[in-house]
Amino acid sequence: MGSPGFAVPALRAVAAACDVVRVVTRPDRPSGRGLEVRASAVARAAGELGLPVSRPPSMRDRSTITELGEARADVFAVVAFGAILPAEVLALPRAGCVNLHGSLLPDYRGASPVQRADDDAASLAARLAELGAPLLTGSVVQAAEGRAPRAPQDRTAGSYAGKLRKEDGVVDWSLPARVVWSHARAVTPWPGAATTFRGKRVILASTRPEVGATGGSPGTLLGGDDEGIRVACAEGALRVLRLKPEGRAELDAAEWARGARPQPGERFETLKEQTT
């Protein structure tokens with residue numbers, strides 16, 4: 001059970017080691033700028049592997065539960081499925097369910113631990129997916145053979161990373177440059193580090209922090225060069241290397257500045273200005 005690209009390496013690894021009787025993923029959805037209806041990454045990978053695929057609209061649907069029961073699976077392997085499994089579904093497989101989580105447990109529970117780490121969310125997710133695939137395969141095999149260790153988690157320990165919302169991407173220039181940089185990496189590629197310039201949305205695609213006095217209020221564009229533009233923060237400046245203006249493709253920040261021609265004192269809007 002899984003949906004995004006993060007789950008694909010695990011699917012391939014499990015399929016190579018086990019008899020996969022069914023792949024369960026989310027229904028096809030519109031995506032991209034053209035809102036073309038597309039299958040999930042897991043559905044596409046399952047098709048390449050020649051595996052049967054189910055796309056239930058709800059895991060509580062009676063026909064879905066009946067179909068899963070008739071599959072007579074020994075183990076349910078779950079990776080970034082995107083829906084909570086009800087108790088009736090969890091009780092179906094003979095040896096139980098195994099979930100691959102993108103962090104250490106119970107230290108980093110919740111829906112978005114990857115985005116809370118010190119890395120770019122996209123690159124970290126890709127590395128975790130590859131590292132987690134053989135771990136899930138081994139766990140599935142152990143569970144099916146009845147020799148998987150079972151250790152209850154301390155639910156009072158660790159932290160909880162809640163599900164990201166689009167507004168979580170809004171950049172707060174009143175923070176130190178290193179904090180703004182860390183936040184930008186956490187929300188890349190989704191929901192994206194968002195700010196506004198002249199009333200239009202701009203996504204910061206690649207950045208790095210710079211130390212030293214800036215002489216400008218938070219958000220002020222301090223000028224730039226062929227490498228990018230500098231933006232004042234509470235402490236230091238953020239060097240913006242690449243960005244994506246509203247309605248346009250991603251481009252080098254230096255190229256954007258040559259076209260936008262920001263005037264002295266112009267700035268990216270502050271958090272308060274963007275959210276009011």
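The values are calculated or read from the model by the stated rules, or taken from the named source; none is laboratory data. The structure displayed is predicted, hence computed values, not measured ones. Glycine also receives a Cβ, built like all others from the backbone with ideal geometry; neighbour counts cover every protein chain displayed. Just so you know, the surface numbers come from the protein's heavy atoms only, side chains and all, with ligands and any DNA or RNA stripped out. Shrake-Rupley method; radii C 1.70, N 1.55, O 1.52, S 1.80 Å.
Only the Cβ atoms of Lys and Arg (+1) and of Asp and Glu (-1) were treated as charged; on that basis the dipole of the range 77-228 about its Cα centre amounts to roughly 500 debye. Whole-Hz Karplus values for the range 79-86 come out as 9, 6, 6, x, 8, 7, 7, x Hz, taken residue by residue from phi with 6.51 cos²θ - 1.76 cosθ + 1.60 and θ = phi - 60°; glycine and proline positions read x. Computed about the Cα centre, the dipole magnitude for the range 170-276 is approximately 200 debye when only Lys and Arg (+1) and Asp and Glu (-1) carry charge, each at its Cβ. Near Arg38, the amide H atoms lying under 5 Å from its own belong to Arg29, Ser31; only residues 5 or more places off or on other chains count, and H is placed 1.01 Å from N. Simple rule: put +1 on each Lys or Arg Cβ and -1 on each Asp or Glu Cβ in the range 1-66, find the dipole, and look at Leu49, Met59, Ala15; the Cα lying farthest toward the positive end is Met59.
Nothing charged except the Cβ atoms of Lys and Arg (+1) and of Asp and Glu (-1): what's the magnitude of the dipole of the chain about its Cα centre? Round to the nearest 20 debye.
Numbers: 36 positive and 31 negative charges, 101 e Å.
Computed about the Cα centre, the dipole is about 480 debye.
Residues whose amide H falls under 5 Å from that of Ala205, counting only those 5 or more places apart or on a different chain, are Arg242, Leu243, Lys244, with hydrogens built in the peptide plane. For the range 176-229, the equivalent ellipsoid built from the Cα gyration tensor has semi-axes of 19, 15, 11 Å, listed from largest to smallest. Using θ = phi - 60° in the Karplus curve 6.51 cos²θ - 1.76 cosθ + 1.60, the 3J(HN,Hα) couplings for the range 217-226 round to 6, x, x, 5, 7, 9, x, x, 8, 5 Hz; x is entered for Gly and Pro.
If I model the range 6-99 as equal point scatterers sitting on the Cα atoms and use the Debye formula, what is log10 I(q)/I(0) at q = 0.10, 0.14, 0.24 Å⁻¹? Debye curve over Cα of the range 6-99, log10 I(q)/I(0) at q = 0.10, 0.14, 0.24 Å⁻¹: -0.26, -0.51, -1.44.
Quick one: which of 153-161, 193-201, 82-90 comes out on top by average Cβ neighbours within 10 Å, and what's the full order, highest first?
Details: 153-161: 11.6, 193-201: 16.9, 82-90: 13.3.
Taking the mean over residues of other Cβ atoms within 10 Å, the ranking is 193-201, 82-90, 153-161.
Scanning residues 5 or more positions from Cys97 or on other chains, those with amide H under 5 Å from its amide H are Phe76, with H placed 1.01 Å from N in the peptide plane.
Among the trypsin sites (Lys or Arg not before Pro) in the range 33-69, which ones are in a DSSP loop with at most 12 other Cβ atoms within 10 Å of the Cβ? Mind listing them? Please list the in-between numbers first.
Numbers: sites: Arg33, Arg38, Arg44, Arg60, Arg62; in loops: Arg33, Arg60.
Filter output for the range 33-69: Arg33.
Only one of (1) 56, 46, 38; (2) 53, 48, 32; (3) 68, 42, 33 was calculated from the structure for Cα extents along the principal axes in Å, and its label is (3).
With the cut-off at 18 Å, report for the range 102-216 the share of all Cα pairs above it, as a whole percent. Walk me through the numbers on the way to the answer.
Values: 4098 of 6555 pairs.
Of the Cα pairs, 63 percent sit more than 18 Å apart.
The separation of the range 54-101 from the range 200-276, counted between C-alpha centres, amounts to 46 Å. Of the peptides 228-235, 184-191, the ranking by mean beta-carbon count within 10 Å, highest at the top, reads 228-235, 184-191.
Solvent-accessible area assigned to carbon and sulfur over the chain amounts to 52 percent, based on a 1.4 Å probe.
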